[in-house]
């Protein structure tokens, strides 16, 4: 199994989304964070299960929430590097700027 490293900007993405969901319904932010953790765990076990979307960056969609996890694979260190967690309706240009 690979290790995972979530970059600070991706952590901010997760925190921002969780706060927004908690404003809509108490506890929903926690469910969002749980789903992100579960998906990252899946990626650690199956790093190549998702297709490359751009510049070597792979993406996978959460099951319930409309967000995509953007990550790269460091084969030498057996590490998954999560660079962003974006809502699927966001402009793809924003993804590429990270």
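Just to be sure before I move on: is residue 82 crowded, with 16+ Cβ neighbours inside 10 Å, in contact (Cβ under 8 Å) with a residue 12 or more places away in the chain and assigned to a helix (DSSP H, G or I) in the structure I sent? Please lay out each step first, then the result.
Numbers: crowded, with 16+ Cβ neighbours inside 10 Å: yes; in contact (Cβ under 8 Å) with a residue 12 or more places away in the chain: yes; assigned to a helix (DSSP H, G or I): no.
Taking the combined requirement at face value, the residue does not satisfy it.
Could you list, in sequence order, the residues of region 8-21 that are surrounded by 16 or more Cβ atoms within 10 Å (Cβ to Cβ) and either over 15 Å from the mean Cα position of the chain (by Cα) or not in a helix (DSSP H, G or I) (or both)?
Correct list: 21 only.
Of the residues in region 41-72, how many are in contact with a helix residue (DSSP H, G or I) (Cβ under 9 Å, 6 or more places away or on another chain) and either assigned to a loop (DSSP other than H, G, I, E, B) or more than 18 Å from residue 13 (Cβ to Cβ) (or both)?
Within region 41-72, residues that are in contact with a helix residue (DSSP H, G or I) (Cβ under 9 Å, 6 or more places away or on another chain) and either assigned to a loop (DSSP other than H, G, I, E, B) or more than 18 Å from residue 13 (Cβ to Cβ) (or both) number 7.
Computed from the coordinates by the stated procedures, all read-outs in this text should not be read as laboratory data. Just so it is clear, the model here is predicted, and its values are computed rather than measured. Ideal geometry is used to build each Cβ from the backbone, glycine not excepted, and the neighbour counts take in all protein chains shown.
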